[in-house]
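The values are calculated or read from the model by the stated rules, or taken from the named source; none is laboratory data. All values derive from a computational prediction rather than experimental measurement. Cβ: placed from backbone, ideal geometry, glycine included. Neighbour counts: every protein chain shown. Protein only, heavy atoms only, side chains kept; ligands, DNA and RNA dropped before computing areas. Shrake-Rupley method; radii C 1.70, N 1.55, O 1.52, S 1.80 Å.
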Amino acid sequence: MAANLSFLQFSSPILQSKDCRRKLAPAVNFKSNGVSCSYSSNGRGGPKDDAVKEVEKLLEEKRRAELSARIASGEFTVEKPSFGSQLKDGLSKLGLPEEVLGFVFNFSGGPNNLKIPEARGSISAITNEPFFIPLYELFLTYGGIFRLTFGPKSFLIVSDPSIAKHILKDNPKSYSKGILAEILDFVMGKGLIPADGEIWRVRRRAIVPALHQKFVAAMFGLFGEATDRLCKKLDAAAADGEDVEMESLFSRLTLDIIGKAVFNYDFDSLSVDTGIVEAVYTVLREAEDRSVAPIPFWEIPIWKDISPKLKKVNTALKLINDTLDDLIAICKKIVDDEELQFHEEYMNEQDPSILHFLLASGDDVSSKQLRDDLMTLLIAGHETSAALLTWTFYLLSQDPSVMAKLQNEVDLVLGDRIPTVEDMKKLKYTTRVINESLRLYPQPPVLIRRSLEEDVLGKYPIKRGEDIFISVWNLHRSPNHWEDADKFNPERWPLDGPNPNETNQNFSYLPFGGGPRKCIGDMFASFENIVAVTMLVRRFDFQLALGAPPVSILFIFFVSMCEKFTSKLATK
Ligand code: HEM
């Protein structure tokens, strides 16, 4: 029985969209509250009006203060003192010294006497924002681990780096993907993201070698060509003085890239809206719907058969599966006809795709499992990169000094060249900009797990079957670890220092997760994004379009999207 995340439900109405991606959750004004930068004649963005910034800051502080006051008033606190603590209070009132009580209760109870701090309620009752934002306020009050209870459901929210490290790296065998696997089952089956146990182990061992260095280096041509197509589209928009909605374009760019990289299929979604592109988005939207559904409507027997929406989803899934089957069959034939000498860094120059590598490697796998794996890679590498690019350009549009520094580095290192793998090490500031964008807007903002056995998290014992959210959002914005945590400041990462990752930041920074389930596409994604950012900033200036709708932050399909970032373009 599939679980659902009804607490992710939002109360506001669903928005309609013009493009093929539907906006699911309500558009919540992001901090900028729709303030547009004024257009500057030199094409470089002017700083946002100071007075406006001040008002935004005050509004944000007011909102936070109100929520903090509500949390502090105990509105969300569950008062359930344990028998031990009641006894301790009683004895304390009778005059027993604290030292004696501390000794007796620590000795007799140990960690079992400790209770995880508990908050309760409905996130939608607290605020209209995506759920991981109010979780931040609760974290400031309740600490690095607390329980959040909604009616019969309860979740542990982890925002402490050492507990995150314990779950992800030190004791990962005791945790599964839980709810995530249940929701994604219809689209990813037992693909690498939802899979657990032996299936995960076998498939990870088969797939990881496909992303070897030679493969990633070969992808640079693809990254460059796809971004060039986007540049041409933007050229036309800039020439016509047309504002562009960037999230939809980045979504198409990354779909085109990942389709070619995973199974050598050209969606060409930047140019055309074919049936298969529409089918991919239909399936993605369904997964989004399921992640916020109050009940698992897709499991209701009669509904399943008569709902036009579910019929459409099934038709889309069939089209995708048939296309994947065709691609697998074509690729199998090529591999059969190939004079194959398989080795560690094997790559077919005409078709360097992951699918080709898997078939050439003699990977003994059912066609259903292979489809699940391909679909998982497609989804894992698509929305994450699209969201990262959109947030990065949004942040850049807000900070002309960072943009200028970035453009300077790109001009110096690349000039007009298409970036190569050798350039990556030289593009240090560009990398820091992306590191910082991933810190402020991690994709996904929460990692989902379920405990498979009893364990101890921090000082608290937990039972089997606990659903856990590791809030990467909280880790990345924790005042305990970051100075000016909300500020976009690529300079916080020294250029001569190591590339920040979960290990050298001690699990305070988890852009690609950590431990054995760490992202397998981290290098692919980093290079893809560096290529896109460099090729775009050397050609265009980006500013929030005048009079554009407010930028909003949406949590859809486990990724936090920067919706409606509409940019005014100026060709450099
Ligand atoms: C900016 C882009 C990306 C970000 C931020 C990102 C982030 C992540 C994170 C945080 C995880 C860990 C999830 C967890 O522990 O629950 C993950 C897992 C994964 N990612 Fe990525 N990812 C990105 C791009 C990609 C790409 C391009 C691919 C494929 C080519 C990919 C494939 C995967 C797979 C297969 C897993 C599951 C690994 C496993 O469970 O063994 N990702 N990603």
In nm, spacing of pseudo-spin labels at Leu59 and Ser154 (7 Å Cα→C-beta vector): 3.9 nm
Other-chain or far-sequence residues with amide H under 5 Å of Gln543's (modelled H): Lys568
Rounded to the nearest Å, what's the spacing between the alpha carbon centres of region 487-502 and region 403-430? Just the number, please. 17 Å
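So how strong a dipole does region 179-539 carry about its Cα centre when Lys and Arg Cβ are +1 and Asp and Glu Cβ are -1, to the nearest 20 debye? Walk me through the numbers before you get to the answer.
Numbers: 41 positive and 58 negative charges, 173 e Å.
Charge dipole, region 179-539, about its Cα centre: 840 debye, nearest 20.
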P(r) of region 418-572 over all Cα-Cα pairs, 5 Å bins starting at 0, rounded to whole percent, reads 2, 7, 13, 18, 19, 16, 11, 6, 3, 2, 1, 0
Let me check I've understood the local charge: for Gly178, count other residues with C-beta under 10 angstrom from its C-beta, Lys and Arg +1, Asp and Glu -1. What total comes out? -1
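So if each residue of separation counts as 0.36 nm, and I subtract the Cα-Cα distance between Thr420 and Arg204, what length gain in nm does that give?
On the way: separation 216, 0.36 × 216 = 77.76 nm, distance 2.79 nm.
Result: 75.0 nm gained on full extension.
Taking the square root of 5 times each eigenvalue of the Cα gyration tensor, what semi-axes in Å does the equivalent ellipsoid of region 341-454 have, largest first?
Values: eigenvalues 235, 117, 28 Å².
Largest first, region 341-454 gives 34, 24, 12 Å.
Quick one: if the Förster radius is 41 Å, what FRET efficiency do Ala329 and Lys487 give, using the C-beta to C-beta distance and rounding to 0.05? Walk me through the numbers before you get to the answer.
Numbers: r = 52 Å, r/R0 = 1.27.
Rounded to the nearest 0.05, the efficiency is 0.20.
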Whole percent per 10 Å bin, from 0 to the bin with the longest distance: what is P(r) over all C-alpha pairs of region 172-250? 15, 25, 23, 24, 12, 2
Label points 7 Å out from Cα along the Cβ direction at Asp496 and Ala404: separation in nm? 2.5 nm
Between Asp411 and Glu225, Cβ-based FRET efficiency (R0 22 Å, step 0.05) works out to 0.50
Give me a comma-separated list of calculated 3J(HN,Hα) values for region 347-362, in order, Karplus coefficients 6.51, -1.76, 1.60 applied at θ = phi - 60°, integers in Hz, x for any Gly or Pro. 7, 8, 4, 6, 9, x, 5, 4, 4, 4, 4, 4, 5, 5, 6, x
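Carbon and sulfur atoms: what percent of the 1.4 Å accessible area of region 179-539 do they account for?
54 percent
Within a Cβ distance under 13 Å of Lys428, other residues only, what is the Lys/Arg minus Asp/Glu net charge? Provide the component values of the computation, followed by the final result.
Values: positive: Lys405, Lys425, Lys426, Arg432; negative: Glu409, Asp423, Glu436, Glu491, Asp496.
Residues near Lys428 contribute -1 overall.
Among the listed pairs Lys190/Lys463; Lys333/Lys518; Lys165/Lys463; Lys173/Lys463, which are separated by more than 22 Å between their Cα atoms? List each step's numbers first, then the result.
Working: Lys190/Lys463 26 Å; Lys333/Lys518 33 Å; Lys165/Lys463 18 Å; Lys173/Lys463 15 Å.
Violating the 22 Å limit, Cα to Cα: Lys190/Lys463; Lys333/Lys518.
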Calculate the translational D of region 179-539 in whole µm² s⁻¹ from Stokes-Einstein, where the hydrodynamic radius comes from the Kirkwood formula applied to all Cα pairs, the temperature is 37 °C and the viscosity 0.692 mPa s. 149 µm²/s
With each label point set 7 Å from Cα along the Cα-Cβ vector, what nm distance links Val272 and Asp337? 2.3 nm
Quick check: residue separation of Asn504 and Val365 times 0.36 nm, minus the Cα distance between them. What number comes out in nm? 46.4 nm
Full-extension gain in nm, Leu546 to Leu96, via 0.36 nm per residue minus C-alpha separation: 155.1 nm
With the charge dipole of region 179-539 built from beta-carbon charges (+1 for Lys and Arg, -1 for Asp and Glu) about the Cα centre, the Cα from Gly224, Ala386, Phe507 projecting farthest to the positive end belongs to Phe507
Selection from Leu396, Leu317, Leu414 lying farthest towards where the dipole of region 307-449 points positive, charges on Cβ: Leu396
The answer for region 179-539, accessible area per residue at 1.4 Å probe in Å², is 40 Å²
